[in-house]
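Novice: Dropping a structure here in structure tokens format, bear with me for questions.
The values are calculated or read from the model by the stated rules, or taken from the named source; none is laboratory data. Given the structure is predicted, the values throughout are model-derived calculations rather than measurements. Positions of Cβ are backbone-derived with ideal geometry, glycine not excepted, and every protein chain shown enters the neighbour counts.
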Amino acid sequence: MMYTIEKANMVAEQLRRFTSGYAHHVVGQFANVDFWLNEVKETQRIIDQYNTRFKDMSDAQKDWIKNHGTKVFDFCPLCGGKCDLSDGKPSPPTRISSSEMKETRRELVDSAYYFLTRCYRMELLNNEELKQKCDSIGTSIDPNDLK
């Protein structure tokens, strides 16, 4: 799995655990709410900059292959060596689909949102604080989630 997706999934999973945890655990994590929201924002930045980083990586690999005549041969299961039928062209890096990135980003924000609304229902946040924190991660508040 790609680092970008792995990091987002890890942060989202932690926040999901806080959302469904015991109240005393939630309070303990709320003491670090700014840390967790910074993790969300940093991960959003990593996701949003993925295409630029991927292009830089891909271009650098293409340049290296062209300038150094790099050859990579497939493994031959028959002889146990390099396959003579292989063309020697290295495989290009694999890009994460934009739909997967979008879905991962949405799940990350949703996890943070549900943690924040749980904190609100526990009266750890007031309306204005909840709005500010939700705004900081780019999400709105559904009034139905506050009941």
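Novice: Report, by residue number, each residue of segment 79-125 that is charged (D, E, K, R), in contact (Cβ under 8 Å) with a residue 40 or more places away in the chain and not in a helix (DSSP H, G or I).
Specialist: Within segment 79-125, 95 is the sole residue that qualifies.
Novice: Taking the options 54, 18, 30, 75, name whichever one is farther than 25 Å from residue 146 by Cα and touching a Cys at 6+ places or on another chain (Cβ under 9 Å).
Specialist: 75
Novice: List the residue pairs whose Cβ atoms are under 7 Å apart, where the first residue sits in segment 130-147 and is more than 15 Å from residue 37 (Cα to Cα), the second is of a type in the set (Phe, Trp, Tyr), and the two are 6 or more positions apart or on different chains.
Specialist: 146/120
Novice: List, please: which pairs have Cβ atoms under 8 Å, are six or more places apart or on different chains, and start with a residue in segment 2-22 that is touching a residue at least 60 places away in the same chain (Cβ under 8 Å) and end with one that is buried (at least 17 other Cβ atoms within 10 Å of the Cβ) and of a type in the set (Lys, Arg)?
Specialist: 8/105; 18/118; 19/118
Novice: Being in contact with a Pro (Cβ under 6 Å, 6 or more places away or on another chain) and either more than 19 Å from residue 135 (Cα to Cα) or touching a residue at least 60 places away in the same chain (Cβ under 8 Å) (or both), is that true of even one residue in segment 38-47? I'd like the intermediate steps shown before the answer.
Specialist: First pass over segment 38-47, keeping only residues in contact with a Pro (Cβ under 6 Å, 6 or more places away or on another chain): none.
No, because not a single residue in segment 38-47 is in contact with a Pro (Cβ under 6 Å, 6 or more places away or on another chain) and either more than 19 Å from residue 135 (Cα to Cα) or touching a residue at least 60 places away in the same chain (Cβ under 8 Å) (or both).
Novice: Of everything in segment 136-145 that's over 19 Å from the mean Cα position of the chain (by Cα) and not in a loop (DSSP other than H, G, I, E, B), which residue is surrounded by the most Cβ atoms within 10 Å (Cβ to Cβ)?
Specialist: Across segment 136-145, the extreme among qualifying residues is 145.
Novice: Then there's this: Got at least one residue in segment 55-66 being in contact with an Asp or Glu (Cβ under 6 Å, 6 or more places away or on another chain) and farther than 26 Å from residue 4 by Cα?
Specialist: No, segment 55-66 has no match at all.
Novice: Still on this structure, please answer the following. Of the residues in segment 56-78, how many are in contact (Cβ under 8 Å) with a residue 12 or more places away in the chain and either assigned to a helix (DSSP H, G or I) or more than 16 Å from residue 94 (Cβ to Cβ) (or both)? Break it down stepwise before answering.
Specialist: Step one: list which residues in segment 56-78 are in contact (Cβ under 8 Å) with a residue 12 or more places away in the chain, which gives 57-58, 61-62, 65, 70-74.
In the following step, the residues that additionally are either assigned to a helix (DSSP H, G or I) or more than 16 Å from residue 94 (Cβ to Cβ) (or both) were identified as 57-58, 61-62, 65, 70-71, 73-74.
Residues flagged as in contact (Cβ under 8 Å) with a residue 12 or more places away in the chain and either assigned to a helix (DSSP H, G or I) or more than 16 Å from residue 94 (Cβ to Cβ) (or both) within segment 56-78 amount to 9.
Novice: Looking only at segment 6-47, filter to residues that are under 17 Å from residue 100 (Cα atoms) and either at pLDDT below 95 or in contact with a Lys or Arg (Cβ under 8 Å, 6 or more places away or on another chain) (or both); which one of those is surrounded by the most Cβ atoms within 10 Å (Cβ to Cβ)?
Specialist: Ranking the candidates gives 8 first.
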